[in-house]
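Here's the structure, in structure tokens; my notes come after.
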Amino acid sequence: MFTDDLQIHERYNNTNEESSDGGDCVKKAIALIVVFLVIGTMSLSTVIIGDGFLLGFGRHANNDVSRPVESFFGVSWGLGMRYQSYFGQGLTAGLNTYWGIDTILLLVPNKINLGVELALSLGTNSYLNLGGSIGFSFLGIAQYLIPDEWLHDVDFNKSPLYLVAPGLHLAIVF
């Protein structure tokens with residue numbers, strides 16, 4: 001009887017160890033996002049909220065905050081990463097064009113964006129951005145590259161909507 005209790009105890013401990021691996025992975029991902037946000041906030045850089053960013057931080061030309069923001073890097077709404085880089089002089093009042101890349105759930109590739117936005121000045125390096133973008137989904141691109149016979153059980157319609165994800169956005173930069 002004692003050995004049965006010992007075996008049950010060992011079996012219980014082994015199952016707890018095995019099931020905690022998935023929870024540990026989620027905890028590590030959340031901890032990584034929190035560390036990223038703390039470090040970004042401590043850098044006192046330009047911040048963006050919106051335009052796909054849950055929270056993003058800007059990089060100025062030559063690290064001089066009096067110069068325009070050249071790019072943003074941050075956490076996306078899909079709890080992944082988002083990078084956005086402006087063509088030309090960077091983010092200035094008026095019409096701006098950019099390209100970007102998104103991931104979801106930390107590292108899963110989502111899409112590549114090309115966009116245009118109108119930045120309305122709210123003060124020095126502060127803007128209200130109104131714009132739109134067109135994205136090229138990695139899933140959509142893969143759908144066009146994978147032969148049909150590989151996906152015979154999957155009912156995909158080869159529609160441009162899988163390839164292109166247009167969107168409108170609003171963002172505040174401060």
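Note on region 98-114: among residues that are buried (at least 21 other Cβ atoms within 10 Å of the Cβ) and of a type outside the set (S, T, N, Q), the one that is modelled with the highest pLDDT is 98.
Out of the residues in region 52-74 that are small (Gly, Ala, Ser) and surrounded by 16 or more Cβ atoms within 10 Å (Cβ to Cβ), which is modelled with the highest pLDDT? The qualifying residue modelled with the highest pLDDT is 71. Only one of the listed residues (95, 91) is farther than 30 Å from residue 25 by Cβ, of a type in the set (A, V, I, L, M, F, W, C), at pLDDT 80 or above and more than 22 Å from the chain's Cα centre (by Cα). That residue is 95. Please find, among 33, 49, the residue that is under 13 Å from the mean Cα position of the chain (by Cα), at pLDDT below 75 and surrounded by 12 or more Cβ atoms within 10 Å (Cβ to Cβ). So the residue among 33, 49 that is under 13 Å from the mean Cα position of the chain (by Cα), at pLDDT below 75 and surrounded by 12 or more Cβ atoms within 10 Å (Cβ to Cβ) is 33. Residue 106 meets the stated requirement of being touching a helix residue (DSSP H, G or I) at 6+ places or on another chain (Cβ under 8 Å), in the same structural domain as residue 78 (by TED's automatic domain parsing) and not in a helix (DSSP H, G or I).
The values are calculated or read from the model by the stated rules, or taken from the named source; none is laboratory data. Only a predicted model underlies this, so the values are computations on that prediction, with no experimental measurement involved. Heads up, the Cβs are rebuilt from the backbone with ideal geometry, glycines too, and the neighbour counts pull from every protein chain shown.
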